[in-house]
1. Each residue of the range 319-324 in turn: what ³J(HN,Hα) in whole Hz from Karplus with 6.51, -1.76, 1.60 and θ = phi - 60°, glycine and Pro shown as x?
2. Tally up the carbon and sulfur contribution to the accessible surface of the chain as a whole percent, 1.4 Å probe, everything protein left in place.
3. Cα convex hull of the chain: mean projected area in nm², to one decimal?
4. Just the number please: accessible area per residue for the chain, 1.4 Å probe, all protein chains included, in Å².
5. Under the rule of -39500 (n - 2.57) per DSSP H run of 4 or more residues, summed and divided by the residues of the chain, what mean residue ellipticity at 222 nm is obtained, to the nearest 500 deg cm²/dmol?
6. Hull surface divided by four, with the convex hull built on the Cα atoms of the range 172-221: how many nm²?
7. Could you check what % of the DSSP bridge pairs in the chain are antiparallel, to the nearest 5?
8. Using unit Cβ charges (K, R positive; D, E negative) and no other charged atoms, how large, in debye to the nearest 20, is the dipole of the chain about its Cα centre?
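The values are calculated or read from the model by the stated rules, or taken from the named source; none is laboratory data. Predicted, not measured: the structure shown is a model, and the values here were computed from it. With ideal geometry, Cβ positions are generated from the backbone for all residues, glycine too; neighbour counts draw on all protein chains shown. All accessible areas refer to the heavy atoms of the entire protein, side chains included, with ligands and DNA or RNA removed. Shrake-Rupley method; radii C 1.70, N 1.55, O 1.52, S 1.80 Å.
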Amino acid sequence: MALTGKRILLIISGGIAAYKSFDLIRRLRERGASVRPIMTRAAQEFVTPLAVGALSASHVYVDLFSREDEQDVGHIRLARENDLVVVAPASADLMAKMAHGLADDLASAVLLATDRPVLIAPAMNPKMWAAPATRRNAETLKADGIHFIGPMAGEMAESNEAGIGRMAEPLEIVAAVERLLDGTAKPLAGKTAIVTSGPTHEPIDPVRYIANRSSGRQGHAIAAALARLGADVTLISGPVTIPDPSGVKAVHVERAEEMLDAVLSRLPADIAVMVAAVADWRVASSAEQKIKKRPGEVPPPLQLAENPDILKTVGHHDRRPKLVVGFAAETQDIEKNGRAKLERKGADMIVANDVSPETGIMGGSRNRVKIISAHGIDEWPDLGKDEVAERLAQLIAERLTGA
Ligand code: C5P
C-alpha cells in the first residue's frame, strides 16, 4: 500500500469542511497510514472528537494544557513523531497564526514546534481567501516552505456563493500526501493516457443537435485519477458543464468525428479509456441555416448516418494502446452484452453498468459497475464515481505494470 507505515499528524481546524476529515482519515488509513488527530476548539463545533477518534482508532488531542496528554506524548513529541503534518481544513485563523508564529493552543503550538513537512488544505469563504491579510499570510507560509493543496473553486457549502475557497477533496489531499511522502506511489509515471468523456453533439442545424445523456462526471474523474497516479493524461471531452479536472490536458470537441480525430492524433499512447457517450448517429447532412418551422408543413425528415466507433477503431488500430478500456452502459443483460462488447471492440476491459433510469446512475454521483476482462468478472459495490475512478486507475496500473 502506498502509505504503509507512514505516520500522519492530522490537524483539523474549524469550518464546515471539517466533516470531510472523516473521509480523509478513512482514505489515509486504507492506504496503510496511521493517523493521529489534533482538533482545534472551533473544529469541535463542527465534528466531535468521539467520531474522529473512532475513525482514526487513535486518541484525539485537543488541549495544550492537558496533564494526561502532556505526560503521555507532549506537544513536542506530537510535533515530531510523524512523517507529515496535514492541516485539513486549514481555516483563515489557523493560517494567520501559523504565518505569525502564534502558539496559544495545541494545533498552533505543534505547527510552530514541528520540523516535519507540513501540508495545508485551506477552506474558507471566498471573500476570506481573497482578503489582503489572507493573501499575505498565504505568501508568508509558502515562503516558509509550507505545502498547499487547494483551495478549489466551487460552491460554498454554507451559502450560495461560488469562488475560490472550497477545500480540496479528500482524494486530492491523499494524492498530495503521497506526492510528498512517496515518489513510488506514482505507478503510472511516464505513461500516457487518453480518456474520452461526456456526450457528443451531432448538429441538425446551427441551433439543434442529437445527443446522448452524459454529465461527463465518470470520465472526468477517471482522467483525474490516472493523472494522480502519475500518467500524462489527455482528456478529450464532448460538451459538458463540469470543469476540466486539474492535472490533465483537456481537449474540447463537439461531434463524434472530431472526437475520433482528436483521439487518433494522440496515438501512440499506453492507455485508452473510452468513457464518452458517443452518439451512434449523426445527421447525414446537417443544415447550414436554421431549419424553419412553417405552419401546415410536415416536419422535416432526419436522414441519419452512422458515426465512427471510436473505441472499436482504437481497439483494432495498428498503434493500439497497450491497455484499452471501454464502457458498456446497458439496461439489460449487462454481463452478456459486456462480454460481447469486449470481443467486438477489441478492448482489454469493459466497465459495465446498469443505467436503467431507476438506478439514478446517469447524471448522478454514484455508480455500480462490473469489470469484465479476460480475468473474469469482478463486481464492485455501489461507490461514488470518484471512488470507481480511483479503483479503476489502480486496476489499470496493476494490469499495465504487473504491480
Ligand atoms: O456500443 P456502445 O455504445 O454500447 O459501446 C460503449 C463503449 O464504446 C464506450 O466505451 C464508448 O465510449 C465507446 N463508443 C465509442 N464510439 C462510439 C460508440 C461507443 O467510442 N461511436
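1. 10, 4, x, 4, 10, 10
2. Carbon plus sulfur share of accessible area: 50 percent.
3. The directionally averaged projection comes out at 23.8 nm².
4. It amounts to 48 Å² per residue over the chain.
5. Rounded to the nearest 500, the figure is -9500 deg cm²/dmol.
6. That works out to 5.5 nm².
7. Taking every DSSP beta bridge within the chain, about 30 percent pair in antiparallel fashion.
8. That gives the chain a dipole magnitude of about 580 debye.
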